[in-house]
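Let me begin by presenting the structure, written as structure tokens, before commenting on it.
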Amino acid sequence: RFEIEEWPVVVAEINLHALSEHASTTHAFKALPRFPAAHRDIAVVVDSGLPAAILMEVVEGTGGEIVESARIFDVYRGPSLPEEKKSIAIELSLRSPERTLTQEEVDATVKHIVDALSSDFGADLRD
């Protein structure tokens, strides 16, 4: 006995051959990028009621075509911030499909994003 009386037991049989008949035979792929990405992390302090999705819309819309991806990796509320504020940390990945970006281009894009967040939401860059 396996002594599993207290847990429900479920058994299923799946006919993989029947499923494979309906599977797609085309495989989509994306070629590897020719040029390297530049990665930057920024953390901005905003009102705690501001939805992160709205903040990300501005980040993605302001950065232009070279913002390959932007993702939130931390949201902080704590004693080092006022109670009505939160810090949102964002990882930016920037890449041009045509050439390697210069340090100046990357810095200018990040500054443009931070300036837009500041003017739209009163965001402050966190140290």
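Read-outs throughout are calculated quantities, based only on the coordinates presented, and are distinct from any laboratory measurement. Worth saying up front: this structure is predicted, and the values here are computed from it rather than measured. Here Cβ is always computed from backbone atoms with ideal geometry, including for glycine, and neighbour counts include all displayed protein chains.
Miscellaneous remarks
- Quotient of C-alpha Rg and 2.2 N^0.38 Å, computed over the chain: 1.65
- Given their separation in residues at 0.36 nm each and the Cα-Cα distance between them, A52 and L125 gain 24.7 nm when the chain is fully extended.
- Full-extension gain in nm, I14 to Y76, via 0.36 nm per residue minus C-alpha separation: 17.8 nm
- For the chain, with +1 on Lys and Arg beta carbons and -1 on Asp and Glu, the positive-most of P82, L16, V46 along the dipole: L16
- Degrees separating the helix 103-121 axis from the principal Cα axis of the chain, which is the longest one: 90
- Fully extended contour minus Cα-Cα distance, from A31 to E60, at 0.36 nm per residue: 8.2 nm
- Look at the alpha carbon pairs under 8 Å that are at least 6 residues apart: their mean separation over the length of segment 31-125 gives a relative contact order of 42 percent.
- For the chain, the mean residue ellipticity at 222 nm estimated from helices alone is -8500 deg cm²/dmol, where every DSSP H run of n ≥ 4 contributes -39500 (n - 2.57) and the total is divided by all residues, rounded to the nearest 500.
- Each Lys or Arg adds one and each Asp or Glu takes one away; over the other residues whose Cβ falls under 12 Å from the Cβ of F121, this sums to -3.
- Built amide H within the under 5 Å cut-off of R126, gap 5+: A43, V44, V45
- Packing-based order for 81-91, 96-106, using average beta carbon neighbours within 10 Å, highest first: 81-91, 96-106
- Scanning the chain for chymotrypsin sites (Phe, Trp or Tyr not before Pro) in DSSP loops with at most 13 neighbouring Cβ atoms within 10 Å leaves 30-127 as the longest stretch between them.
- Choice from V67, V58, V11 with maximal GNM fluctuation in the chain (Cα, 10 Å cutoff): V11
- Projected onto planes of every orientation and averaged, the convex hull of the alpha-carbon atoms in segment 14-75 covers 8.6 nm².
- Among H27, H17, H39, the largest mean-square fluctuation in a Gaussian network model of the chain (Cα springs under 10 Å) belongs to H17.
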